[in-house]
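What follows is a set of notes on a single structure, which appears directly below.
The values are calculated or read from the model by the stated rules, or taken from the named source; none is laboratory data. Computed from a predicted model, the values in this text were never measured in an experiment. Here the Cβ is made from the backbone with ideal geometry for all residues, glycine too, and neighbour counts use every protein chain on show. Side chains are part of the model used for accessible areas, which takes the heavy atoms of the whole protein and leaves out ligands, DNA and RNA. Shrake-Rupley method; radii C 1.70, N 1.55, O 1.52, S 1.80 Å.
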Amino acid sequence: MNAVTDWGEYLLNAIDASDVTAVSKLNQEWPKGEDAWSAHLSLFPAVQRVLNPPFINPHLPKMYAVCRELLPYMEADDIPALLYMETMEYARRVKLEKRPQTALEQIQVGTIATTAVVTANLFGDVEQAITSHDVDGTASLFAAFLRQQDGQELARRLLLLGSGYLDRSLGHSISCTAFILQEMLVREQGRESLWPVLLLLADYFVKGGFNTTPALREGLQGQERASPDFILRSTTGSSFIDIHHTITLYAIERARDLFSRQEYGHLVASWLDWMGEKESEEVSVEASNRRTAPGYGSFYEPFSALDTQAVLKMAIPLTASAAGRKLLGRFLTKGLCDLYQGEYDPHYVTGLGAALWVVGQYAEHPSLASNALYQYLTFLFRGLGRNG
């Protein structure tokens, strides 16, 4: 492989063929930093086909989108290890069947006439197609809606639709959808084909039965972002469900600009209702007294030993400054990639994105950083310990 485009095409083909052996060659001949990120970007159409049975939720396409959130923390030399880890995960999993894009005029969507393309209630036709379990028709209606409106409006409507199913989907009807749509919006600007995303989301919404947009709840009027009290509740606990509370709120907040204040309040209220009566608890962490930032080697030693308290003791002081938070994000991302042995839960990546979002957005509340990091590291190390 001599050029960026060669790496991109090579890995794209390896993912499509589920060829883990071909991907493993990355460990022998790495694309360099910027080239590695360009290769990552080229994986977009193949990643939208990656499934994670027995779960119906598109965890891997969401993970792919969250990798973009990790990039600002990384140095160029860190990117190849991230590319290797994520590409191995895409290659080793089953794929959604390829379907060519079909013009709406060439199909019948349940009882919907082909004139649906020009109806005023096109999104109602979308919901009917989902109800009819028609993946091709749903994807084609997504495409028609996208042409009539734009990506932001499609994203807004799909997330409001998904908001009615948080308890059924463990939050994924928003969290997966939001990040996949965020990546779609970036790609829309570059005039790439969005059909792989539309087909993936059509398949997901049909499998999940997400077919009815709920009425807007009485939301939390006037709030610009989720309150620290909500974050504290969300980051309490480190179970599989607890970390999903934080990942889902992270997704809502990252998509907030798509919504009116009333709609945003509805989404947060839906999330709160799903979280239920969960109580908050602050984690007590003994911080390090060192005055200089640690080197990566010093950080990785307890990280690779899966020692939550030792990592937190080193990490918490870094959250006090912008430079420290950036360094912490780099160490955590690099450490996660360096520990990779060929199999990861995608929540190790999406949970990291959520934890770093809390650390960055609520920097004025040190207890929230402690809680978010404790939640993530405990979840991560417990999972890695079981697989060790």
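Observations, loosely collected:
- GNM flexibility winner over the chain from Ala251, Ala363, Ala139 (Cα, springs under 10 Å): Ala363
- Peptides 186-194, 150-158, 81-89, ordered by how many other C-beta atoms sit within 10 Å of their residues on average, highest first, read 81-89, 150-158, 186-194.
- Accessible-area order (highest first, 1.4 angstrom probe) of the listed residues Met63, Met314: Met314, Met63
- Computed over protein heavy atoms with a 1.4 angstrom probe, the accessible surface ordering of Glu75, Glu34, largest first, is Glu34, Glu75.
- In the complete set of protein chains, residue-level accessible area for Thr212 is approximately 80 Å², probe 1.4 angstrom.
- Solvent-accessible area of Asp19, all protein chains in place: 60 Å² (probe radius 1.4 Å, heavy atoms, ligands and nucleic acids excluded).
- Label of the coordinate-derived value, semi-axes √(5λ) of the Cα gyration tensor in Å, listed as (1) 35, 27, 16; (2) 32, 28, 18; (3) 33, 32, 21: (1)
- Averaged over its residues, the stretch 273-334 has an accessible area of 57 Å² per residue, based on protein heavy atoms and a 1.4 Å probe.
- Think of it as helices only: each DSSP H run of n ≥ 4 in the chain is worth -39500 (n - 2.57), and spread over all residues that comes to -19000 deg cm²/dmol at 222 nm.
- When the GluC sites (Glu not before Pro) in the stretch 218-312 are filtered for DSSP coil states and for at most 12 other beta-carbon atoms within 10 Å of their beta-carbon, the remaining sites are Glu218, Glu224, Glu277, Glu279, Glu281, Glu286.
- Under 5 Å, built H, 5+ apart or other chain: amide partners of Val50: Leu96
- Dipole magnitude of the chain, debye to nearest 20 (Cβ charges: Lys/Arg +1, Asp/Glu -1, about Cα centre): 220 debye
- Distance between the 7 Å Cα→Cβ label points at Ala17 and Asp150: 4.1 nm.
- Full extension of the chain between Gln28 and Arg168 yields a length gain of 46.1 nm, computed as 0.36 nm times the residue separation minus the alpha carbon distance.
- For Leu220, the residues 5 or more places off, or on other chains, whose built amide H falls under 5 Å of its own are Gly265, His266, Ala269.
- Cross-link table Lys98/Lys207; Lys207/Lys278; Lys32/Lys95; Lys95/Lys326, entries beyond 24 Å C-alpha to C-alpha: Lys207/Lys278; Lys32/Lys95; Lys95/Lys326
- Of the accessible area of the chain, computed with a 1.4 Å probe over protein heavy atoms only, carbon and sulfur atoms account for 47 percent.
- Simple spin-label estimate for Gln189 and Glu282 in nanometres, 7 Å along Cα-Cβ: 3.9 nm
- Multiplying the residue separation of Arg386 and Ser239 by 0.36 nm and removing their Cα-Cα distance gives an extension gain of 51.5 nm.
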